[in-house]
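Worksheet for the structure shown next.
The values are calculated or read from the model by the stated rules, or taken from the named source; none is laboratory data. A quick note: this is a predicted structure, and the numbers were derived from the prediction, not measured. Neighbour counts are summed over all protein chains in view; Cβ atoms, including those assigned to glycine, are modelled from backbone coordinates with ideal geometry. Heavy atoms of the whole protein, side chains included, go into the accessibility calculation; ligands, DNA and RNA do not. Shrake-Rupley method; radii C 1.70, N 1.55, O 1.52, S 1.80 Å.
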Amino acid sequence: MFMSSVESVYPRLEPLLAQVSKPVQYIGGELNAVVKEWDAVDVHWALMYPDAYEVGVPNQGVQILYEVLNERPDALAERTYAVWPDLEALMRTHGVPQFTVDAHRPVGAFDVLGVSFSTELGYTNLLTAIDLAGIPLRAADRDETHPLVVAGGHAAFNPEPIADFIDAAVLGDGEEAVLRFTDIVKEHKRSGAPGGRDGLLYALARSGVAYVPSMYDVGYLPDGRIAHVTPNRPGVPARVGKHTVMDLDEWPYPKAPLVPLAESVHERMSVEIFRGCTRGCRFCQAGMITRPVRERSQRTIAEIVDNGLRRTGHEEVGLLSLSSADHSEIAEIAKGLADRYEGTETGLSLPSTRVDAFNIDLANELSRGGRRSGLTFAPEGGSERMRKVINKMVTEEDLIRTVATAYSHGWRQVKLYFMCGLPTETDDDVVQIAALAAQVIAKGREVAGTKDIRCTVSIGGFIPKPHTPFQWAAQLGADETDARLAKLRDAIRADRQYGKAIGFRYHDGKPGVVEGLLSRGDRRVGRIIEQVWRDGARFDGWREHFSYDAWMQAARTALAGEPVDVAWYTTRERPRDEVLPWDHLDSGLDKEWLWDDWLDAQAEVELDDCRWSPCFACGVCPQLGTEIQVGPSGTTMLGMPEVRRDSPLVAQQ
Amino acid sequence: MSRQAPERPHQPTVQRLRLRYARRGRLRFSSHRDFQRALERALRRAEVPVAFSQGFNPRPRVSYANAAATGVASEAEYVELSVTAVLDPERVRAALDAALPPGLDVLDVVAARTPDLVGRLEASVYEVRLPGADAGAVAAAVEAFLAAPEVEVERLTKNGMRRFDARAAVLRLELRATPDPGAEGAGSGPSGPPCAILDLVVRHVTPVVRPDDVLAALRQVASLEVPVTASVTRWAQGPLVPDPTDGTPRDAVTDPLAPDRDGDGVGAVGTA
């Protein structure tokens, strides 16, 4: 190692590692990790995924920003993850601070701590990390010596519950935004830090690159609703917009995916084949906030895969997106890749496939590599009526035809994903899932010619999310969710003919209530997060660590004297004129359009995909100056260098 | 109707390669499973034409022997690969070493010419560093341990808590005369404060007796306080050197790959 003004904490950490479970997750040393010289760059980023290493390390968002930043000669990026309670306790006893896994530098020494939130259940882990880093919990208590704490990821579209703990949030695609953010930090440091920390945040807020919560005041009505959210400084925009990368072929990341030594949740070479989705499923926040659809060309996809396989040694390629079979050239991509890697024991998977986009050709290409990964389809709604409400335009016929294709092509197991607690839903809508699953098994036995097939029904509670047509909806309470799921379980068990071939997996309703509270919460919810964290809450996304009672107790304490409570945030339907906590954050979607779509949902009126039908004026394209980009791309995989099948290590005869 | 494994051309094994690799520095915290995955990916990156098993879920044909426990550094781990072409062992060594992360270092590759490598791994030579431990107390504990005919210890295994003798398998346990803080390749124990170093030779028996079992035994026979910063390095594994007079095994091992090497002499390694 070179000498540096910021020393590694590893010598102090190492003696602790022998005393904790899975110490390998704290040592770093991933293939393709980068360690740069501290004093040779202007801006230092610590990137955090606020969950365990095994979940965080495969995260594409963090990997992309890590590469984009490290490619800059004037910046460096290292990664940090949530430490488990066993190591946290030892770190507190021995005074070891939150560290990065790359060079084991203390997080408190960096200029920026960027935290990527895929889910709100990582909020307590954020507090642990900043506290272990020696950074004051509240942004208002920080000074020039502390890093800026910046939130990104889907949850950053409503960062109000963590507004007191973060200095800024960045909405939308991070590739270009992180570079602009870095430019502003660099300029601030080079010009002698005018105005100190506040000056830097002011510059970020005015630039539109980031949302700075402290520069907005929130006023409340006597009944607890928000009266207004307004900038408290001149030049700060009234609404902060999201960032959108328009040409994904110009950003072919990750180029050198990180491969950890420790086992992680996704051991595959992932390539994002397009971003955004306009299917218009009304529950889906990801689909709403990532519009418009932008496809990668098949040539770029093939190059990313080729390069990634060589640099990682992975044996599976995952074609990622919100609905992978919807790529306009998916047939050419799947066939092209299957052709290229034939005979190399490389598998191909589509982690999310729509029922109506799956077909025989695709099934054949996916199974050619010799491996047959599991098939999961998500009808989401159990009844035809529910699927109209949520705009998941999949009919029962579509589903039966699709699973028949799968079972007749050798798959023996199909997983179906549903949601419970959707707006207007009754017990009957959910119990119908049992009949649907029975039909799937009946058809499967018929086409496969064997009784040896299975179908797993997996069902989770619906959580209304900001920036969706369901942002006004009432969430179903935990007890009601559990009761409805019990009825479905009983219906499946009662089916003597097919019940044994149907697996049933469900999650109880309690974690969903907390996620719902955090999803649509406002700044007052931050007090609950701090309280429950002080009471010991950690790793709330993990069943064995999550405590519903602790959250409810903390909510009672933190909201004492307020006209609002957990039910107010979760099971209450919002009226049209209510100021929502995230109204000043702009996903590009027109609020009027969302409201109309909410009315359509209740009237069971479906809305087409604007890729294949005229524009429905959701607002995104004109608002952000963007457009739908779908193929044909005009590119092919022809002319790519061949995949070599002879080894360069053969002995000379 | 039974499931048919997909048809694919079967590539037969034409050569077996034996590897010795080291697990150094912070990589000592990686587990055996971590290494398995890392090696499989390295084989792909290094374009080693490894043979695959048949069936639904083809796996590369790799056998692992006597992996050291997680947390133990090692200079002597062994693996055997089946490959579908006759390869140049030294080029395989260099390519795999480059494809594995630093700290998992491939030291030696030979083409197998003999059966049963695992059978030749009769014993392990370890170095156990006890930073801050009192040398007098360690010496007394060693003496008490060696004097005992049997020392039963307990360890949690996959099959629950097991009780077994940790004494009989120990062929040698010795406190090194002078502390040697600069020893190369050992787990990176902090230098500076005194550090008791034990040399340990353990015969491979079932259940396997590990260095932490011996430390547990020292704790048991003499209430030795073992520091949590104890670090262990395996220096060698191999056949025990027979005593020239009566043929009984002595406390040193030889290179287990020597019989596979062309006309190579048998040199003792791992003796202190």
Worksheet entry | Any hit, the range A:33-40, residues being crowded, with 21+ Cβ neighbours inside 10 Å and among the aromatic types (F, W, Y) | no
Discussion item. Can you list residue pairs whose Cβ atoms sit under 8 Å apart, with the first residue in the range A:172-198 being farther than 24 Å from A:V62 by Cα and the second being open to solvent by less than 20 Å² (accessible area, probe 1.4 Å) and among the aliphatic types (A, V, I, L, M)? Count only pairs 6 or more apart in sequence or on different chains.
Written reply: A:H188/A:L200; A:K189/A:V43; A:A193/A:L200; A:R197/A:L148
Discussion item. Among the residues of the range A:460-479, are any without any contact (Cβ under 8 Å) to a residue 40 or more places away in the chain and away from chain B (no Cβ under 14 Å)?
Written reply: yes
Fill in: Every residue from the range A:289-326 that is within 14 Å of another protein chain (Cβ to nearest Cβ) and either β-branched (V, I, T) or assigned to a helix (DSSP H, G or I) (or both)
A:V305, A:D306, A:N307, A:G308, A:L309, A:R310, A:R311, A:T312, A:V317
Worksheet item: Does A:R225 satisfy being of a type in the set (K, R), open to solvent by 20 Å² or more (accessible area, probe 1.4 Å), farther than 20 Å from A:F117 by Cα and touching a Phe, Trp or Tyr at 6+ places or on another chain (Cβ under 9 Å)?
Response: no
Practice prompt. Say whether the condition of being in contact with a helix residue (DSSP H, G or I) (Cβ under 8 Å, 6 or more places away or on another chain), part of a helix (DSSP H, G or I), among the polar types (S, T, N, Q) and at pLDDT 95 or above is met by at least one residue in the range A:219-233.
Written response: no
Item to complete: Output the number of the condition that A:A435 fails; it satisfies all remaining conditions of (1) of a type in the set (A, V, I, L, M); (2) assigned to a strand (DSSP E or B); (3) open to solvent by 50 Å² or more (accessible area, probe 1.4 Å).
Response: (2)
Fill in: Selection within the range A:546-559 - in a helix (DSSP H, G or I) and open to solvent by 10 Å² or more (accessible area, probe 1.4 Å)
A:Y548, A:D549, A:A550, A:M552, A:Q553, A:R556, A:T557, A:A558
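Listed here are the residues, each with its yes/no results for (1) on the phi > 0 side of the Ramachandran plot; (2) surrounded by 15 or more Cβ atoms within 10 Å (Cβ to Cβ); (3) free of Cβ contacts under 8 Å to residues at least 40 places away in the same chain.
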| residue | (1), (2), (3) |
| --- | --- |
| A:G561 | yes, no, yes |
| A:V564 | no, yes, no |
| A:L585 | no, yes, no |
| A:W595 | no, no, no |
| A:D609 | no, yes, no |
Item to complete: Go through B:L173, B:L156 for me and flag whichever is part of a strand (DSSP E or B), open to solvent by less than 50 Å² (accessible area, probe 1.4 Å) and of a type outside the set (V, I, T).
Response: B:L173
Worksheet, complete the sentence: Wholly inside the range B:65-138, strands (runs of 3 or more DSSP E) that include 2 or more residues that are open to solvent by 40 Å² or more (accessible area, probe 1.4 Å), within 12 Å of chain A (Cβ to nearest Cβ) and among the polar types (S, T, N, Q) are none
Practice prompt. Please enumerate the residues belonging to the range B:42-51 that are open to solvent by 10 Å² or more (accessible area, probe 1.4 Å), in a helix (DSSP H, G or I) and either more than 7 Å from every other protein chain (Cβ to nearest Cβ) or free of Cβ contacts under 8 Å to residues at least 40 places away in the same chain (or both).
Written response: B:R44
Worksheet entry | Output for the range A:182-221, where each listed residue is open to solvent by 60 Å² or more (accessible area, probe 1.4 Å) and under 20 Å from A:L113 (Cα atoms) | A:D183, A:E187, A:K189, A:R190, A:D198, A:S214
Worksheet item: So which residues in the range A:4-38 are over 18 Å from B:R33 (Cβ atoms) and of a type in the set (K, R), if there are any at all?
Response: A:R12, A:K36
Worksheet item: Taking B:V221 and the conditions (1) under 22 Å from the mean Cα position of the chain (by Cα); (2) modelled with pLDDT of 90 or more, which numbered condition does it fall short on, given that it satisfies the others?
Response: (1)
Worksheet entry | Among residues of the range A:468-506, those that are touching a Ser or Thr at 6+ places or on another chain (Cβ under 6 Å) and not hydrophobic (A, V, I, L, M, F, W, C), counted | 4
Item to complete: Taking B:P131 as meeting all but one of (1) assigned by TED's automatic domain parsing to the domain that holds B:S223; (2) within 19 Å of the chain's Cα centre (by Cα), write down the number of the exception.
Response: (2)
Worksheet item: Quick one: in the range A:234-267, which of the residues that are more than 14 Å from every other protein chain (Cβ to nearest Cβ) and in a strand (DSSP E or B) is nearest to the chain's Cα centre (by Cα)?
Response: A:H243
Worksheet item: Would you say A:K388 is open to solvent by 20 Å² or more (accessible area, probe 1.4 Å) and without any contact (Cβ under 8 Å) to a residue 40 or more places away in the chain?
Response: no
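Conditions (1) farther than 29 Å from A:W472 by Cα; (2) out of contact with any Cys (no Cβ under 7 Å at 6 or more places or on another chain); (3) in a strand (DSSP E or B), marked per residue:
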site	(1), (2), (3)
A:S328	yes, yes, no
A:L348	yes, yes, yes
A:L366	yes, yes, no
A:R387	no, yes, no
A:N391	no, no, no
Discussion item. So if I check each of A:I301, A:I289, A:I360, which one is farther than 30 Å from A:P423 by Cα and touching a strand residue (DSSP E or B) at 6+ places or on another chain (Cβ under 9 Å)?
Written reply: A:I301
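Yes/no per residue for (1) assigned to a loop (DSSP other than H, G, I, E, B); (2) free of Cβ contacts under 8 Å to residues at least 60 places away in the same chain; (3) within 14 Å of chain B (Cβ to nearest Cβ); (4) open to solvent by 70 Å² or more (accessible area, probe 1.4 Å):
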residue: A:Y569; (1), (2), (3), (4): no, yes, no, no
residue: A:E573; (1), (2), (3), (4): yes, no, no, yes
residue: A:W598; (1), (2), (3), (4): no, no, no, no
residue: A:A601; (1), (2), (3), (4): no, no, no, no
residue: A:E606; (1), (2), (3), (4): yes, no, no, yes
residue: A:G631; (1), (2), (3), (4): yes, no, no, no
residue: A:M637; (1), (2), (3), (4): yes, no, no, no
residue: A:P648; (1), (2), (3), (4): yes, yes, yes, no
Discussion item. Being modelled with pLDDT under 95, of a type outside the set (A, V, I, L, M, F, W, C) and crowded, with 21+ Cβ neighbours inside 10 Å narrows it down to one residue among A:G444, A:G449; which is it?
Written reply: A:G444
Worksheet item: From the residues in the range A:7-32 that are in a loop (DSSP other than H, G, I, E, B) and open to solvent by less than 20 Å² (accessible area, probe 1.4 Å), which one is nearest to the other protein chains (Cβ to nearest Cβ)?
Response: A:I27
